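Asks: Quick one: the structure is below, and I'll ask about it shortly.
The values are calculated or read from the model by the stated rules, or taken from the named source; none is laboratory data. For clarity, every value in this text was computed on a predicted model and none was experimentally measured. Neighbour counts run over all protein chains shown; Cβ positions are idealised from the backbone, glycine included. Areas reflect the complete protein model, heavy atoms only, side chains present, ligands, DNA and RNA absent. Shrake-Rupley method; radii C 1.70, N 1.55, O 1.52, S 1.80 Å.
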Amino acid sequence: MQRYIPNTGEQQEEMLRDIGVSSIEELFADIPESIRLKRDLDLPEALSEMELVRHLKELSGRNASTDEYACFLGAGAYDHYIPSVIQHLVRRQEFYTAYTPYQPEISQGTLQAIFEYQTMICSLTGMDVSNASMYDGATAVAEAAAMACRSTGRAGIIVAKTVHPQSCEVLRTYSRYTGRSITEWDHKDGRLDLAGLERLLSDDTAAVIVQSPNFFGLIEDLGNLSDMVHENGSLLIVSCNPISLAMLKPPGDLGADIAVGEGQPLGNPLSFGGPYLGFMAAKEKFMRKMPGRIVGETRDRQGRRGYVLTIQTREQHIRREKATSNICSNHSLNALAAAMYLSALGKSGLEKVAALCCRKARYTYDELLKTGAFSPAFTGPFFNEFAVRYHGDIDRLNEKLLEHRIIGGYPLERDYPELKGVWLVAVTEKQTRKEIDDFVERAGSL
Amino acid sequence: MIQKEKALIFEISRPGRFACSLPECDVPQKDLSELIPGELLRDSPPDLPEVSEVDLVRHYTRLSQRNYGVDAGFYPLGSCTMKYNPKVNEDMACLSGFANVHPYQDEKAVQGCLELLWKTDRLLSEITGMERFTFQPAAGAHGEMTGLMIIKAWHESRGDHARTKIIIPDSAHGTNPASAAIAGFNVVEVKSDENGLVNLHELEKAIDGETAGLMLTNPNTLGLFEKHIPEIARMIHEAGGLLYYDGANMNAIMGVSRPGDMGFDVIHLNLHKTFSTPHGGGGPGAGPVGVVKELVPFLPAPTVEYDGQRYYADYTRPLSIGRVRSFHGNFTVVVKAYAYILTMGAKGLRQVSETAVLNANYVLAKLRDLYHLPYDRHCMHEVVFSAENQKKQGVSALDIAKRLLDYGFHPPTIYFPLIVKEALMIEPTETESKETLDSFIKAMEDISGEAKQDPELVKGAPYSTVVSRLDEAMAARKPKVRYMPMSE
């Protein structure tokens, strides 16, 4: 017996009798002898619950947690405070033990929550339609590129070098066998170089992908980029940090056709990289080209308002190889957490978080420069993250900081060899002035 | 009390309310326009809800009461393996040393995370007979895409660029052909034979010098074991192709037979099915991909390695197909699967599959006289009936599914696999007791009776849910996909 398997031996016997066989073994008769496993699986002895908890606590204890370390690391995943209420609600079994809402009559909870999520994402991004979520920000970028190619009938993608390197990598993998060509667009002083784009655009350009705030933390001035892109018959895809959208002009107002991004900052823990969620929103005319689930409002037989998965003829279970994407399971629970987070903070709270991040990042930047050990890497405005040049060895610096229970910044050299010595530092509302001062003092004195 | 209609959070919003508490700014309160040029700032804040914490808690609590999860009851959704999700595993995934770890932290500061990934790789490799796993794929379909790209990359590394076709049986999941398309393959469909298995004759005709591989679910979506798999594997391999295993139905065979021993070269597992991690109302799942030795160099980079002293991420993999997701995939989902495997052990996992198969056959035996059984033989972990008998009375599989809601059950998967008319695909899983199965069987018997005596009753179902049948055609025709206040 196993605590997750309720049938007793006696019940099993009864069931076998009703089936008309004498042993469970007989039910497996179709499996040829030659491919049977003739031994037990070689796995560790089963653990009791107490032993399991002890083992996993021991394993988790070998990681530095942002509960106990001050975290100045971002680069696409951010250490924000998650209000207690979120975990209580998102861990309600009715939400997390349900399947995809295929039976809308008993899934109105998930469906309405996702409808609300879609509305909030549209508000943040200034777009008309949002899907129910993608796996993460990187796959959302790749899916947006595929969507642009479908919409324009073209195959060329231009991607700014300041888009998250992992998004670019995933974009390349997704494009590997689908005949899409990826062209990198270099930056100038860490931001977009509009003059440089002119030379890259062609009649095969399906989309131009940019990120703001970009990977270096800088806020892009998208000015007349969308005019340039649209005049070429191409689409503009903008990837963004959802928290920054409490303050910054949304992609929709800047002429973007598709907005995507990593939704982790909205109420989802860092979790060593996942599960997060990708959000994707677009202008109305692209609705039927979108990948993934979309929830829509409708009426029941009595005329009551209700919600269903809609425009499903785009999807794999109906269109098979002609579907807009192969995505089936998405990241519904993470989208739910994001919606709860946005509701908990609300209009004023999200603005406040954004302002705290922005002011604290600026304070940290100014203080780091004062130490004399750092110099500006770029000159543009930033939101919650910035790059500084260090006059020493960054790996050693991070190592020393770790000894003092500080998680230091990201060495940009990892992805940009030309940026040797450049350190990407993120600050959120979680870091107190005391932690910042301590960080600056230690970083400046090593 | 559950209201019939539930207000949207925007409709209960009142200006000035909020449900968060933030510290005062403790650094110089510079004016934001000093920090960021005005033309980059938005004109008005996004229109987010304004609710108190009490409003928030009640709103989502009430929404949750309009949902049905495994904790509430039986969920025999075929091909989805809706088994019980152990509570302690949820706690383990929430441990601060897992949940609050940044993916870019120095390797020294994440040895526990890397060790867990490495060890889970070893466990899954043993369970499936594979050499190595990657945890980047976020879901089953994502795993399929990854695995197929690996197949493509392997052919190309051998200078063989003619391999453009993937063979997929007509009983396959819709994601199979959709994933093949993203990996740049053309899909060749093979028909099933009269026994519900891959038609070997058709398969032989489909195989040629352009065959890159075959995708197969085994047991297949009819719940039947593809017993000719050794022969199928030989045919594909002799033609120079590779075999892909869709692990959606792995719950049937753990400890009994391993895909690697059957001849499969690439496999994805759905941790949110077989390995008990919750489905979250539509994800997050995890779709780790395992491969045989020859294909290891093609796995997405980085892989997690161990040199006997420390665990590390290995980025120097020149043959890798590249990254398919950021970081290491859905890490805390992997934590839950790891906890599950350690809890069950080898004997426990075998017992899982044995009981899953027993439970499905029990439902088969009890309902076969009332519901048409298109393939009349023992099944594995799921059984596919057809509502053809009931259809003669005007009652469809959809009607039966809706009526089951009134009996308090989640319905089976319906209209899938596509090769069975009016399909009712029932997967009980091992975590259900005989008592639960008996009450479900009784409900199915009652509904069959109702279909005869009062078909209109069944066709009007459900009656007990917060909404009745919803107009899906209207939703798709005039899509309303976000809330807009009346004034807009």
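Asks: Under a plain spin-label model, where a point goes 7 Å from the Cα along Cα-to-Cβ, how far apart in nm are residue A:391 and residue A:437?
Replies: 2.5
Asks: Separate question: Contact order normalised by length for region A:84-341, with contacts defined as Cα pairs under 8 Å and 6 or more residues apart; what percent is it?
Replies: Relative contact order comes out at 27 percent.
Asks: Sticking with this one: Using packing as a proxy for protection, rank B:30-40, A:196-206 so that the peptide with the highest average count of other Cβ atoms within 10 Å comes first.
Replies: Ranked by mean Cβ neighbours within 10 Å, highest first: A:196-206, B:30-40.
Asks: Same structure, new question: Assuming 1.002 mPa s and 20 °C, estimate D for region B:68-169 with Stokes-Einstein, Rh taken as the Kirkwood radius over Cα pairs, in µm²/s. Walk me through the intermediate numbers first.
Replies: On the way: Rh = 17.6 Å.
After rounding, the answer is 122 µm²/s.
Asks: Which order do the peptides B:152-160, A:376-384, A:210-218 come out in when sorted by mean C-beta neighbours inside 10 angstrom, highest first?
Replies: A:210-218, A:376-384, B:152-160
Asks: If one takes the longest principal axis of the Cα atoms in chain A, at what angle in degrees, from 0 to 90 and to the nearest 10, does the Cα axis of helix A:394-403 lie?
Replies: 60
Asks: Quick one, what does Rg over Rh come out to for region A:287-393 if you take C-alpha atoms and the Kirkwood Rh?
Replies: 1.24
Asks: Further question: Based on the alpha-carbon gyration tensor of region B:230-307 and its eigenvalue square roots a ≥ b ≥ c, which shape applies: rounded if a/c is under 1.5, prolate if not and a/b is larger than b/c, or oblate?
Replies: The shape class here is oblate.
Asks: How many percent of all Cα-Cα pairs in region B:162-267 sit more than 20 Å apart?
Replies: Considering region B:162-267, 31 percent of its Cα-Cα pairs are separated by more than 20 Å.
Asks: How big is the equivalent ellipsoid of region A:84-341 along its three axes, where each semi-axis is √(5λ) from the Cα gyration tensor, reported in whole Å from largest to smallest? Provide the component values of the computation, followed by the final result.
Replies: Working: eigenvalues 193, 82, 52 Å².
Here the semi-axes work out to 31, 20, 16 Å.
Asks: Which value in Å does the Kirkwood hydrodynamic radius of region A:175-303 take, with 1/r averaged over all unlike C-alpha pairs and then inverted?
Replies: Values: mean 1/r = 0.0599 Å⁻¹.
Final number for the Kirkwood radius of region A:175-303 is 16.7 Å.
Asks: If you project the alpha carbons of region B:355-423 onto the principal axes, what extent comes out on each, in Å, largest first?
Replies: 32, 26, 22
Asks: I would also like to ask the following. For B:471, B:265, write out the residues from largest to smallest accessible area, computed with a 1.4 angstrom probe and no ligands counted.
Replies: Sorted by accessible area, descending: B:471, B:265.
Asks: With θ set to phi - 60° and the Karplus curve 6.51 cos²θ - 1.76 cosθ + 1.60, what are the ³J(HN,Hα) couplings of region A:419-427 in order, to the nearest whole Hz, using x for Gly and Pro?
Replies: Using θ = phi - 60°, the values come out as 9, 4, x, 9, 10, 9, 10, 10, 9 Hz.
Asks: Continuing with the same structure: Restricting things to Cα coordinates, could you compute the convex hull volume per residue of chain B in Å³?
Replies: Expressed per residue, the convex hull around the Cα atoms of chain B is 209 Å³.
Asks: Further, regarding this structure: Compute the distribution of all C-alpha to C-alpha distances in chain A, in bins of 20 Å from 0, and list the percent of pairs in each, rounded to whole numbers.
Replies: Answer for chain A: a P(r) of 22, 48, 25, 5, 0 percent.
Asks: Rank-order A:111-124, A:51-64 by packing density, defined as the average count of other C-beta atoms within 10 Å over each peptide's residues, highest first. Show your work: numbers first, answer last.
Replies: Numbers: A:111-124: 27.2, A:51-64: 17.6.
For the peptides A:111-124, A:51-64, the packing ranking is A:111-124, A:51-64.
Asks: How much net charge surrounds residue B:263 when only other residues with a Cβ under 12 Å from its Cβ are counted (Lys, Arg +1; Asp, Glu -1)?
Replies: On the way: positive: B:234, B:258; negative: B:226, B:231, B:238, B:261, B:265.
Once all neighbours under 12 Å are counted, the net charge is -3.
Asks: Something else about it: When a/c reaches 1.5 or more, the comparison of a/b and b/c decides; with that in mind, is region B:372-488 rounded, prolate or oblate per its Cα gyration tensor?
Replies: Taking the square roots of the gyration eigenvalues as a ≥ b ≥ c, region B:372-488 is prolate.
Asks: Calculate how steeply helix A:433-445 sits against the longest principal axis of the alpha-carbon atoms of chain A, using the helix alpha-carbon long axis, and give the answer as 0 to 90 degrees to the nearest 10.
Replies: 60
Asks: Okay, next question. Ranked from the most accessible area to the least, with a 1.4 Å probe and all protein chains present, what is the order of A:446, A:16?
Replies: Values: A:446 85, A:16 10 Å².
Greatest to least solvent exposure: A:446, A:16.
Asks: Here is a follow-up. Using a 10 Å cut-off around each Cβ of peptide B:23-35, what is the average number of partner chain Cβ atoms that fall inside?
Replies: Averaged over the peptide's residues, the number is 6.
Asks: Compute the distribution of all C-alpha to C-alpha distances in region B:271-373, in bins of 5 Å from 0, and list the percent of pairs in each, rounded to whole numbers.
Replies: Reading upward from the zero bin: 2, 10, 13, 15, 16, 15, 11, 7, 5, 3, 2, 1, 0.
Asks: Have a look at the DSSP beta bridges in chain B and tell me what percent are antiparallel, nearest 5.
Replies: Working: 19 of 36 bridges.
About 55 percent, rounded to the nearest 5.
Asks: Measure nothing fancy, just the Cα-based angle from helix A:9-19's long axis to the longest principal axis of chain A, in degrees from 0 to 90, nearest 10.
Replies: Taking Cα atoms only, the helix is inclined about 70 degrees.
Asks: Now for a different question. Find, to one decimal place in angstroms, the Kirkwood hydrodynamic radius of the protein assembly as shown, where the mean of 1/r is taken over every pair of different Cα atoms and then inverted.
Replies: It is 28.2 Å.
Asks: Here's another thing I want to ask about it. Need one number: % antiparallel among DSSP beta bridges in region B:114-220, to the nearest 5. If you can, show how the numbers build up before the last one.
Replies: Working: 1 of 9 bridges.
Percentage antiparallel, nearest 5: 10.
Asks: Here is a follow-up. Skip the ligands, DNA and RNA, and give the accessible area per residue of the protein assembly as shown with a 1.4 Å probe, whole Å². Kindly include the intermediate steps, with their values, before the conclusion.
Replies: Numbers: 30540 Å² over 934 residues.
With the other protein chains kept in place, the protein assembly as shown gives 33 Å² per residue.
Asks: Separate question: In whole Å, what is the distance between the alpha-carbon centres of region B:154-182 and region A:381-446?
Replies: With region B:154-182 and region A:381-446 each reduced to a Cα centre, they are spaced 45 Å.
Asks: Ok, one more. According to the square roots a ≥ b ≥ c of the eigenvalues of the Cα gyration tensor, what is the shape class of region B:326-396, taking rounded for a/c under 1.5, prolate for a/b larger than b/c otherwise, and oblate for the remainder?
Replies: It is oblate, given that a/c is not under 1.5 and a/b is not larger than b/c.
Asks: Of all beta bridges DSSP finds with both residues in region A:84-341, what is the antiparallel percent, to the nearest 5? Walk me through the intermediate numbers first.
Replies: On the way: 15 of 32 bridges.
Counting DSSP beta bridges with both partners in region A:84-341, the antiparallel share is about 45 percent.
Asks: Give me the orientation-averaged projected area of the Cα convex hull of region A:72-219, in nm², one decimal.
Replies: That works out to 11.7 nm².
Asks: Taking 50 Å² as the minimum loss, tell me which residues in region A:308-344 lose that much accessible area going from the chain by itself to the full protein complex (1.4 Å probe).
Replies: A:320, A:321, A:326, A:329, A:343, A:344
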